[in-house]
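First comes the structure, then the notes that go with it.
The values are calculated or read from the model by the stated rules, or taken from the named source; none is laboratory data. Keep in mind it's a predicted model, so treat the numbers as computed, not measured. Glycine gets a Cβ as well: all are built from the backbone with ideal geometry, and neighbour counts include every protein chain shown.
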Amino acid sequence: MVRVSDTPASPAPLHISGLAFSYRTGQRAVDDVSLRAAAGTVHAILGPNGAGKSTTIACAVGLHRPSAGTVRIFGRDPVADHSFTAGRTGVMLQDGGLPMAARPLAVLTHLSRLYASPLDVTELAERLGITSFADRSIRRLSGGQRQRVGLAAALIGRPRLLFLDEPTAGLDPQAALVVREVIDEQRRAGASVVLTTHDMDDAQRLADEITIIDHGRVIAAGTPRRLMNGGGNRMLRIVTGSPLSAEVSRALAVHGSVDQTPGDAATTLVRGDITPADLAAITRLLADHDVVCEEFAVTGRTLNDVFLDLTGRSLR
């Protein structure tokens, strides 16, 4: 496949500017979201449930008309120029949209006839493990099996822009591995992949760019490394036989934010720009108070840490 260039002569696969969307009830689901997905990249949109991720994608593919702002797919409006944009995009939405009474290969064969140069249905079905349940109707498939059919439907037309809404949700480890491989293959072939996921490991591993949305607004954006390096990029994990005393915990706070792992009072986490001097001071502190460590380890700040710091740790 020829690699797609993203140049002034070839507009960005996806450009969203100041997007807002309100339902008829007046509820504003998306409020001033802007992002740009380049060719040959994976752009992850992250956020808690109800943050506006799926609504953003629905607007991007022309299912909703924005209340304000603009969406452009290869420079064209996905509502006004839907026939143009639909022919260049593949979409896998969380709610499926697959015909429940049909069988998987019949659906894929029908979709393949809508494109000039589709993927081979048999090869695609074999790659995603669909042939093993091809004799059943979509209604009778498990959630994970429907996910695989939905992904195949999104891929069948060789899209230059691929929208994947929670592509690994409900999949077993083997199927999730294949989906990750497919996403990476699409990027290497020059397509642009826009995905939403609650799997922070997937986002950290796959994404070139990340946009984090909460309450319908963008609260952070950048590469995974840039996001993880901001606001204190290390975490010290201290595991002891019993909880640390209040005195020791207060002294640790000089070196960063101090938390205990929920449900495990004997595990203390210190987050911040922890330097070698901090580590030396902390070990002296623990030794002075006769604290015996079962584990003392420094790790980098993960994307999951960033996400929780930005969106909070409370249930919604």
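For region 72-80, check the following and say yes or no: at least one residue is at pLDDT below 95, hydrophobic (A, V, I, L, M, F, W, C) and not in a loop (DSSP other than H, G, I, E, B). Within region 72-80, not a single residue is at pLDDT below 95, hydrophobic (A, V, I, L, M, F, W, C) and not in a loop (DSSP other than H, G, I, E, B). Looking across region 98-124, the residues that are of a type in the set (A, V, I, L, M) and either farther than 19 Å from R136 by Cα or assigned to a loop (DSSP other than H, G, I, E, B) (or both) come down to L98, M100, A101, A102, L114, A116, L119. Taking I219 as the residue in question, decide whether it is in contact with a helix residue (DSSP H, G or I) (Cβ under 7 Å, 6 or more places away or on another chain), crowded, with 21+ Cβ neighbours inside 10 Å and of a type outside the set (D, E, K, R). So I219 does not fit the description; no.
Output the residues belonging to region 223-236 that are exposed (fewer than 15 other Cβ atoms within 10 Å of the Cβ) and either modelled with pLDDT of 95 or more or over 30 Å from T55 (Cα atoms) (or both). Answer for region 223-236, where residues must be exposed (fewer than 15 other Cβ atoms within 10 Å of the Cβ) and either modelled with pLDDT of 95 or more or over 30 Å from T55 (Cα atoms) (or both): just T223. Of the residues examined, Q204 is one that is in the same structural domain as A39 (by TED's automatic domain parsing), assigned to a helix (DSSP H, G or I) and either buried (at least 18 other Cβ atoms within 10 Å of the Cβ) or among the charged types (D, E, K, R) (or both). If you take the residues in region 102-127 that are at pLDDT below 95 and among the hydrophobic types (A, V, I, L, M, F, W, C), which one is farthest from A60 (Cα to Cα)? Filtering first and then ranking leaves A116. No other residue among V193, V179 is assigned to a helix (DSSP H, G or I), of a type in the set (V, I, T) and either modelled with pLDDT of 90 or more or under 15 Å from the mean Cα position of the chain (by Cα) (or both) apart from V179. Here V121 fulfils each of the conditions (1) under 30 Å from E209 (Cβ atoms); (2) buried (at least 18 other Cβ atoms within 10 Å of the Cβ) apart from (1). Does I213 satisfy the condition of being in the same structural domain as S54 (by TED's automatic domain parsing), in contact with a Leu (Cβ under 9 Å, 6 or more places away or on another chain) and crowded, with 17+ Cβ neighbours inside 10 Å? So I213 fits the description; yes.
The requirement of being assigned to a helix (DSSP H, G or I) and surrounded by 19 or more Cβ atoms within 10 Å (Cβ to Cβ) is not satisfied by G144.
Considering region 258-289, and only residues there that are of a type in the set (S, T, N, Q) and in contact with a helix residue (DSSP H, G or I) (Cβ under 9 Å, 6 or more places away or on another chain), the residue that is modelled with the highest pLDDT turns out to be T268.
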